[in-house]
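The values are calculated or read from the model by the stated rules, or taken from the named source; none is laboratory data. Note that the structure is predicted; figures quoted are calculated from it, not measured. Note that we place each Cβ from the backbone using ideal geometry, even for glycine, and neighbour counts take in every protein chain shown.
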Amino acid sequence: MGFTLDRERLVETMVEQAEIGATENGGLHRLALSDDDKAIRDWFDEQLTDLGLDVRVDVFGNMFARREGADPDADPLLVGSHLDSQPYGGIYDGALGVVAAIEFVRELEARDVTTERPVEIVNWTNEEGSRFQPAMQGSGVWAGALDIEEEYAKTDEDGVTLEEELERIGYKGDVPAEPQYDYDAYLELHIEQGPFLEENGKDVGVVTGVVGFTWGATTYYGEADHSGSTPMQYRSDALVAAADVITQVRRIPSTLGDRTVGTVGYVDAEPNSINIVPGEVTFTWGFRDPTREVIDEAKERALHEIEAAAEREGVDYEWEERMDVDPVHFAERCTDAVADAADELGYDAMEVFSGAGHDATYANHVCDTAMVFAVSEDGKSHTEEEYTSWDDCYAAANTYARAALTLAGRAD
Ligand code: HGY
Ligand code: MN
Ligand code: MN
């Protein structure tokens, strides 16, 4: 059967990581740079140290470890993903990719395999972009797409800066947050977080690229007033203006591409009392698509709706950009390695373009990249109901390990 992973050990490692930051409904609450993130980072460090690898942490908290190959000067293969989670997310998002990378390195050790290239394993800081925006922040800084000082200064809802949290949990390292080597390739395993693999009855996904995003946050400034004694024509209701835009954010994608999506995920209305006209409302909006032109068109339409709603309701507003990243398409030599691996192992695979964002987007700025997708049951993710069977985890992790070995090359 050639190089395959130890299924039992993969499941054990997944169960172990899922205990750190576990919620009572079987999900994860492991927000970036929280105490639970510190705990899972310590766990990650322990896994790699036990494998005899030295762990290094960069100044943005990205964690790396290196397994030497036959040729120490060869450009390394980089494998890994992220361990932070959404507020009430699932146990597979990011974690399955890191665990598969750990199990890949464990299997190399167990079989005493010497790879041509060095293999480096990474845990990226703040992929989720929930507590601190943007998403894929650690890989974005590392790839030079985001300015580290700007990202250090980002604050969470309590006004705590990212840099303060990085220092507080002891993961502001000393290595520059930039590629320390000319990486030959980056390979990431992730759950699909969408319906296509399951709908088509496939075992694994060969990911050919990732959508681009644009995220913004708008605040409307109206007039808080008594909800009973203020006649309707006297009102400047910030929430009504926001509601108009929220409806449009839902409608705009249906006029654009078949993979265009639009979401308002966060709304904060003040004073948020049943008998006060909302005076101030902040909400986020986001659009994604495989092509840059469509993303720009969606953003332009949203900004037009934001302005029009402010005029209609007589409220002021301001907005800020929270994220902007181009779509990426992966290198054929890497996607071929994934497709061939699935084929060799007898898994039924199909190509998928990712609707979720991944660190592979920014890794693709640095070196050839590809991803492997595992099936998401009902396509659900970013909820505690996120589920991937152990069989599907194993099929994807096996494909991943085989493709990784192809890209790393065997020296023995
Ligand atoms: O937003 C995303 O797609 C990713 O989960 N951060
Ligand atoms: Mn993820
Ligand atoms: Mn996610």
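Taking interchain pairs and intrachain pairs at least six residues apart, which have beta carbon atoms under 8 angstrom, with the first residue in the range 388-412 and free of Cβ contacts under 8 Å to residues at least 12 places away in the same chain and assigned by TED's automatic domain parsing to the domain that holds residue 188 and the second surrounded by fewer than 24 Cβ atoms within 10 Å (Cβ to Cβ) and assigned to a loop (DSSP other than H, G, I, E, B)?
none
When you scan the range 86-115, how many residues do you find that are within 16 Å of ligand 1 (Cβ to nearest atom) and within 14 Å of residue 14 (Cα to Cα)?
So the count comes out to 9.
Checking the conditions here, which among 401, 374, 360 is more than 16 Å from ligand 3 (Cβ to nearest atom) and crowded, with 24+ Cβ neighbours inside 10 Å?
Step by step, each of 401, 374, 360 is checked, and only 401 is more than 16 Å from ligand 3 (Cβ to nearest atom) and crowded, with 24+ Cβ neighbours inside 10 Å.
Can you tell me how many residues within the range 193-210 are within 16 Å of ligand 1 (Cβ to nearest atom), surrounded by fewer than 24 Cβ atoms within 10 Å (Cβ to Cβ) and not in a loop (DSSP other than H, G, I, E, B)?
Of the residues in the range 193-210, 2 are within 16 Å of ligand 1 (Cβ to nearest atom), surrounded by fewer than 24 Cβ atoms within 10 Å (Cβ to Cβ) and not in a loop (DSSP other than H, G, I, E, B).
Please determine whether any residue of the range 184-191 is under 14 Å from residue 376 (Cα atoms), assigned to a helix (DSSP H, G or I), assigned by TED's automatic domain parsing to the domain that holds residue 340 and in contact (Cβ under 8 Å) with a residue 24 or more places away in the chain.
no
What do you reckon, is residue 177 within 16 Å of ligand 1 (Cβ to nearest atom), in contact with a strand residue (DSSP E or B) (Cβ under 8 Å, 6 or more places away or on another chain) and assigned to a loop (DSSP other than H, G, I, E, B)?
no
Could you list all residues from the range 1-18 that are among the β-branched types (Val, Ile, Thr), under 18 Å from residue 388 (Cβ atoms) and either touching a helix residue (DSSP H, G or I) at 6+ places or on another chain (Cβ under 9 Å) or buried (at least 16 other Cβ atoms within 10 Å of the Cβ) (or both)?
11, 13
Can you list residue pairs whose Cβ atoms sit under 6 Å apart, with the first residue in the range 133-145 being of a type outside the set (A, V, I, L, M, F, W, C) and the second being in a loop (DSSP other than H, G, I, E, B) and crowded, with 21+ Cβ neighbours inside 10 Å? Count only pairs 6 or more apart in sequence or on different chains.
Close Cβ pairs (under 6 Å, with a partner that is in a loop (DSSP other than H, G, I, E, B) and crowded, with 21+ Cβ neighbours inside 10 Å) amount to 137/126; 138/60; 138/62; 138/125; 138/126; 139/359; 140/146.
Go through the range 134-145 and count every residue that is away from ligand 2 (no atom under 12 Å from the Cβ), buried (at least 22 other Cβ atoms within 10 Å of the Cβ) and not small (Gly, Ala, Ser).
Of the residues in that region, 3 qualify.
In the set 408, 374, 360, which member is of a type in the set (Gly, Ala, Ser) and away from ligand 2 (no atom under 16 Å from the Cβ)?
One residue alone meets the criteria, 408.
If you go through the range 271-286 one residue at a time, do you hit one that is without any contact (Cβ under 8 Å) to a residue 40 or more places away in the chain, in contact with a Lys or Arg (Cβ under 9 Å, 6 or more places away or on another chain) and within 16 Å of ligand 3 (Cβ to nearest atom)?
Scanning the range 271-286, I find no residue that is without any contact (Cβ under 8 Å) to a residue 40 or more places away in the chain, in contact with a Lys or Arg (Cβ under 9 Å, 6 or more places away or on another chain) and within 16 Å of ligand 3 (Cβ to nearest atom), so the answer is no.
If you go through the range 162-169 one residue at a time, do you hit one that is surrounded by 19 or more Cβ atoms within 10 Å (Cβ to Cβ), farther than 20 Å from residue 83 by Cα and more than 16 Å from ligand 2 (Cβ to nearest atom)?
So far as the range 162-169 goes, no, none of its residues is surrounded by 19 or more Cβ atoms within 10 Å (Cβ to Cβ), farther than 20 Å from residue 83 by Cα and more than 16 Å from ligand 2 (Cβ to nearest atom).
Could you check the range 47-93 and list, in sequence order, the residues that are charged (D, E, K, R), out of contact with any helix residue (DSSP H, G or I) (no Cβ under 6 Å at 6 or more places or on another chain) and within 14 Å of residue 171 (Cβ to Cβ)?
56, 58, listed by residue number.
Find the strands (runs of 3 or more DSSP E) located wholly in the range 19-123 whose residues include 3 or more that are on the phi < 0 side of the Ramachandran plot and crowded, with 22+ Cβ neighbours inside 10 Å, and list them.
63-67, 77-82
Taking the conditions exactly as written (more than 14 Å from the chain's Cα centre (by Cα), outside any helix (DSSP H, G or I) and either touching a residue at least 40 places away in the same chain (Cβ under 8 Å) or in the same structural domain as residue 217 (by TED's automatic domain parsing) (or both)), does residue 127 satisfy them or not?
So residue 127 fails the test.
Quickly run through the range 129-143 and pick out the residues that are in contact with a helix residue (DSSP H, G or I) (Cβ under 9 Å, 6 or more places away or on another chain) and either away from ligand 1 (no atom under 16 Å from the Cβ) or of a type outside the set (Gly, Ala, Ser) (or both).
131, 132, 134, 136, 137, 141, 142
Considering 368, 343, which residue is surrounded by fewer than 19 Cβ atoms within 10 Å (Cβ to Cβ) and more than 13 Å from ligand 2 (Cβ to nearest atom)?
343
Select, from 378, 359, 296, 316, the only residue that is outside the structural domain of residue 232 (by TED's automatic domain parsing), more than 15 Å from ligand 1 (Cβ to nearest atom) and not β-branched (Val, Ile, Thr).
378
Give me the residue from the range 312-340 that is in contact with a strand residue (DSSP E or B) (Cβ under 6 Å, 6 or more places away or on another chain) and under 19 Å from residue 403 (Cα atoms) and, out of that set, surrounded by the most Cβ atoms within 10 Å (Cβ to Cβ).
The residue in question is 338.
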